[in-house]
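Engineer: Take a look at this one; I'll ask things after.
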Amino acid sequence: MIKAVGEGDMVPAAAMGTTENYEVIDATGLMLLPGVIDCHVHFREPGVTHKADLSTESRAAVAGGVTSFFEMPNTQPQTVTLELLEQKMALAAEKSLANYSFFLGASNNNSNEIVNADPHTICGVKVFFGASTGNMLVDNINTLEEIFKRSPIPVAAHCEDESIIRASTEAMRLKYGDDLPMEMHPLIRNAEACYRSSELAVTLARKYNTRLHITHLSTAAEIDLLDNTIPLAQKRITAEVCTHYLWFCDEDYAMLDTKLKVNPAIKSAADRTALMQGLLDNKIDIITTDHAPHLAEEKRNTYFKAPSGTPLVQHSLPAMLQMVKQGKIKLVTLVEKMCHAPAICYNIENRGFIRPGYFADLVLVNPDHKFTVSKENILYKCGWSVFEGTTFDARVEKTFVNGHLAFDKGTINDSVKGLRLTFDRK
């Protein structure tokens with residue numbers, strides 16, 4: 001726990017309520033930040049561990065200043081029962097360096113599992129409005145109504161209209177066959193598909209006063225569905241944007257090809273600009289990664305065979321700090337959106353702030369230590385990054401998880417273990 005926060009060269013032992021010896025860390029020239037809370041990752045365990053696992057990806061997370069994560073339910077088996085969710089919790093307790101929680105997945109026939117979810121120990125239920133992850137698509141309106149009416153935990157929604165995507169896919173197949181250019185991805189998974197689905201989610205949330213969180217916004221139009229006239233703690237409808245939607249646009253498909261294939265699709269430069277403005281205007285509340293690793297050989301496939309997703313959890317904070325240097329976002333806003341807001345949005349207990357009594361999830365960043373992303377310093381199990389060859393001006397130096405040094409200038413302390421996150425919900 002954080003014992004005390006003070007000014008000056010050193011907080012006296014008396015102020016910390018102890019006379020015991022303590023270590024002094026010289027952080028001259030460094031920035032002290034709360035640990036990043038990434039509310040949207042895919043760590044692939046169980047069942048898809050050839051791509052990633054809880055150990056490898058949590059190591060990458062702490063190397064990137066991420067001290068807590070929420071993991072998604074599209075593992076194998078899919079996490080659609082409370083029993084399977086608890087099994088993942090047990091795996092994380094054994095393997096994860098970072099603090100953790102897991103989403104329960106929604107299906108067309110597991111509403112009883114959702115209703116019985118413990119709001120104090122489960123971050124939320126993930127509802128896939130679009131067929132992004134196999135058969136976890138919830139396309140029964142009666143089921144959606146039941147979830148939005150009765151869920152005791154926040155509903156996190158992946159919003160893409162499946163009927164629009166199917167129609168667009170068939171039109172593109174007729175025109176291009178199976179050899180579809182990657183540039184067509186945002187025309188298949190287009191802005192209309194995103195907006196129509198997000199509009200439905202918002203309509204249901206307003207009807208039932210559901211605590212709704214819309215994941216990975218990718219379009220300017222969706223921002224109009226959101227509100228910035230009330231404080232975050234009072235919002236019933238919130239949203240996130242991922243780092244890659246703020247960094248890339250459809251002009252980057254020509255160079256990065258299927259490495260940049262994600263769902264929803266990365267769209268135009270105008271959408272990118274609008275998403276950043278929505279973040280600055282507090283219509284968009286959180287920055288996440290949607291970290292979704294696949295093997296390089298899988299991504300090298302043709303458009304229809306290449307899986308969607310890109311690994312990001314190690315490089316999101318450096319990328320956002322680069323945007324701070326570029327003048328696109330202020331440092332205080334970055335900390336708000338990556339550390340404070342996730343804790344407020346999901347009511348995480350005693351995380352996300354540098355305050356006495358809070359868990360000591362802390363990051364020391366050197367704002368003037370350049371590094372270039374390369375295969376030699378990538379920690380993802382899949383071994384590649386969409387940022388390979390990119391030079392960032394700031395580097396994570398040290399990451400503390402619950403007061404324990406988990407990452408120190410390139411060295412991982414595998415003896416550190418994260419804790420299960422808990423939630424203060426009435």
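Engineer: Tell me, what HN-Hα J-couplings in whole Hz come from the Karplus equation 6.51 cos²θ - 1.76 cosθ + 1.60 at θ = phi - 60° for each residue of the stretch 109-115, using x for Gly and Pro?
Structural biologist: Ordered by residue, 3J(HN,Hα) equals 9, 10, 4, 5, 4, 5, 4 Hz.
Engineer: 7 Å from Cα along Cα→Cβ at both MET31 and ASN116: what's the point-to-point distance in nm?
Structural biologist: 4.6 nm
Engineer: Also, I was wondering about something else. Sequence-distant or interchain residues sharing an amide H contact under 5 Å with ILE214, placed H: which?
Structural biologist: ALA157, THR238, ALA239, GLU240
Engineer: What pairs in LYS95/LYS325; LYS95/LYS126; LYS175/LYS283 have C-alpha atoms more than 27 Å from each other?
Structural biologist: Working: LYS95/LYS325 35 Å; LYS95/LYS126 23 Å; LYS175/LYS283 38 Å.
Result: LYS95/LYS325; LYS175/LYS283 exceed 27 Å.
Engineer: For the chain, what does -39500 (n - 2.57) per DSSP helix run (n ≥ 4), summed and divided by total residues, give at 222 nm, in deg cm²/dmol to the nearest 500? Present the calculation step by step, with values, prior to reporting the outcome.
Structural biologist: On the way: 14 runs with 122 residues, N = 426.
Counting only the DSSP helices, I get -8000 deg cm²/dmol.
Engineer: So which of LYS375/LYS398; LYS259/LYS398; LYS88/LYS398; LYS261/LYS409; LYS381/LYS409 end up more than 23 Å apart, counting from Cα to Cα? List each step's numbers first, then the result.
Structural biologist: Values: LYS375/LYS398 21 Å; LYS259/LYS398 29 Å; LYS88/LYS398 27 Å; LYS261/LYS409 32 Å; LYS381/LYS409 20 Å.
Table pairs above 23 Å Cα-Cα are LYS259/LYS398; LYS88/LYS398; LYS261/LYS409.
Engineer: If you don't mind, another one. Using the crude model of +1 on Lys and Arg Cβ and -1 on Asp and Glu Cβ, and no other charge, please compute the dipole size for the chain relative to its Cα centre, in debye to 20. Spell out each step's value before the answer.
Structural biologist: On the way: 43 positive and 52 negative charges, 65 e Å.
Dipole of the chain, to the nearest 20 debye: 320 debye.
Engineer: Below 8 Å, C-alpha to C-alpha, sequence gap of six or more: please give me the relative contact order for the chain in percent.
Structural biologist: Values: 936 pairs, mean separation 95.0, N = 426.
Relative contact order for the chain comes out at 22 percent.
Engineer: For the stretch 90-96, what does the Karplus curve 6.51 cos²θ - 1.76 cosθ + 1.60, with θ = phi - 60°, yield as ³J(HN,Hα) per residue in whole Hz, taken in order and with x for Gly and Pro?
Structural biologist: Rounded to whole hertz, the list is 5, 4, 5, 4, 7, 10, 7.
Engineer: Same structure again: How large is ³J(HN,Hα), in whole Hz, for each residue of the stretch 139-150 in order, when computed from phi with the Karplus curve 6.51 cos²θ - 1.76 cosθ + 1.60 and θ = phi - 60°, using x for Gly and Pro?
Structural biologist: Using θ = phi - 60°, the values come out as 10, 8, 5, 5, 5, 4, 4, 4, 5, 5, 7, 10 Hz.
Engineer: Name the residue, out of SER415, SER168, SER68, whose mean-square fluctuation peaks in a Gaussian network model built on the chain with Cα pairs under 10 Å.
Structural biologist: Answer for the Gaussian network model of the chain: SER415.
Engineer: Applying 1/(1 + (r/R0)^6) with R0 = 30 Å to the Cβ-Cβ distance of ASP393 and ALA360, what FRET efficiency is obtained, to the nearest 0.05?
Structural biologist: Numbers: r = 27 Å, r/R0 = 0.89.
It comes out at approximately 0.65.
Engineer: Of the DSSP beta bridges with both residues in the stretch 31-412, give the percent that are antiparallel, rounding to the nearest 5. Don't jump to the answer; show the numbers that get you there.
Structural biologist: Working: 17 of 43 bridges.
The antiparallel proportion sits near 40 percent.
Engineer: About its Cα centre, how strong a charge dipole does the stretch 68-159 have in debye, to the nearest 20, once Lys and Arg get +1 and Asp and Glu get -1 at the Cβ?
Structural biologist: 140 debye
Engineer: Ok, one more. Would you please give the FRET efficiency between GLU145 and LYS375, computed as 1/(1 + (r/R0)^6) with r the Cβ-Cβ distance and R0 = 35 Å, to the nearest 0.05?
Structural biologist: Values: r = 48 Å, r/R0 = 1.37.
The computed FRET efficiency comes out at 0.15.
Engineer: Among 297-308, 145-156, how do they line up by average Cβ neighbours within 10 Å per residue, starting with the highest?
Structural biologist: 145-156, 297-308
Engineer: Considering the chain as a Gaussian network with a 10 Å cut-off on Cα pairs, which listed residue, SER55, SER101, SER163, attains the greatest mean-square fluctuation?
Structural biologist: Looking only at SER55, SER101, SER163, the biggest GNM fluctuation is shown by SER163.
Engineer: Another question, if that's okay. Count charges around ILE286 for me, please; just the other residues with Cβ under 13 Å from its Cβ, Lys/Arg as +1, Asp/Glu as -1. Before the final figure, lay out the partial values.
Structural biologist: Values: positive: LYS235, LYS283, LYS337; negative: ASP38, GLU240, ASP285, ASP290, GLU336.
Net of charged neighbours comes to -2.
Engineer: Please list the non-local residues whose amide H lies under 5 Å from the amide H of ASN263, H modeled 1.01 Å from N, same-chain partners needing a gap of 5 or more.
Structural biologist: Here the answer is GLY309, since their amide H atoms fall under 5 Å of that of ASN263.
Engineer: On to the next question. Classify the stretch 287-390 from the C-alpha gyration tensor, please: rounded if a/c falls under 1.5, else prolate or oblate depending on whether a/b exceeds b/c.
Structural biologist: Numbers: a/c = 2.20, a/b = 1.64, b/c = 1.35.
Prolate, because a/c is 1.5 or more and a/b exceeds b/c.
Engineer: Find the relative contact order for the stretch 108-199 and round it to a whole percent, using C-alpha pairs within less than 8 Å whose residues are 6+ positions apart.
Structural biologist: Details: 104 pairs, mean separation 27.8, N = 92.
Worked out over the stretch 108-199, it gives 30 percent.
Engineer: Taking the Cα-to-Cβ direction at LYS409 and at VAL5 and moving 7 Å from each Cα, how far apart do the two end points lie in nm?
Structural biologist: 2.8 nm
Engineer: Can you tally the net charge around LYS207? Count Lys and Arg as +1, Asp and Glu as -1, for every other residue whose Cβ sits under 12 Å from the Cβ of LYS207. Intermediate results must be reported in sequence, preceding the final value.
Structural biologist: Values: positive: LYS149, ARG206, ARG236; negative: GLU145.
With Lys, Arg at +1 and Asp, Glu at -1, the net is +2.
Engineer: Label the stretch 159-256 by shape, choosing from rounded, prolate and oblate, from the square roots a ≥ b ≥ c of the eigenvalues of the Cα gyration tensor; if a/c is under 1.5 it is rounded, and otherwise prolate applies when a/b is larger than b/c, oblate when it is not. Present the calculation step by step, with values, prior to reporting the outcome.
Structural biologist: Numbers: a/c = 3.80, a/b = 1.78, b/c = 2.14.
Oblate shape, in that a/c is at least 1.5 and b/c is the bigger or equal ratio.
Engineer: Turning to a different aspect of this structure: What label, among [x] 53; [y] 42; [z] 47, belongs to percent of Cα pairs over 29 Å apart computed from the structure on display?
Structural biologist: [y]
Engineer: For the stretch 207-261 and the stretch 334-391, write down the distance between their C-alpha centroids in whole Å.
Structural biologist: Comparing the Cα centres of the stretch 207-261 and the stretch 334-391, I get a distance of 19 Å.
Engineer: Additional query: Mean-square fluctuation check for the chain, GNM, Cα pairs under 10 Å: which of ASP26, ASP408, ASP178 is largest?
Structural biologist: Among ASP26, ASP408, ASP178, the largest mean-square fluctuation in the Gaussian network model of the chain belongs to ASP26.
Just so you know, all these numbers are worked out from the coordinates, no wet-lab data involved. Remember, predicted model here, so these are calculated numbers, not experimental data. Note: ideal-geometry Cβ built from the backbone for every residue, glycine included; neighbour counts use all protein chains shown.
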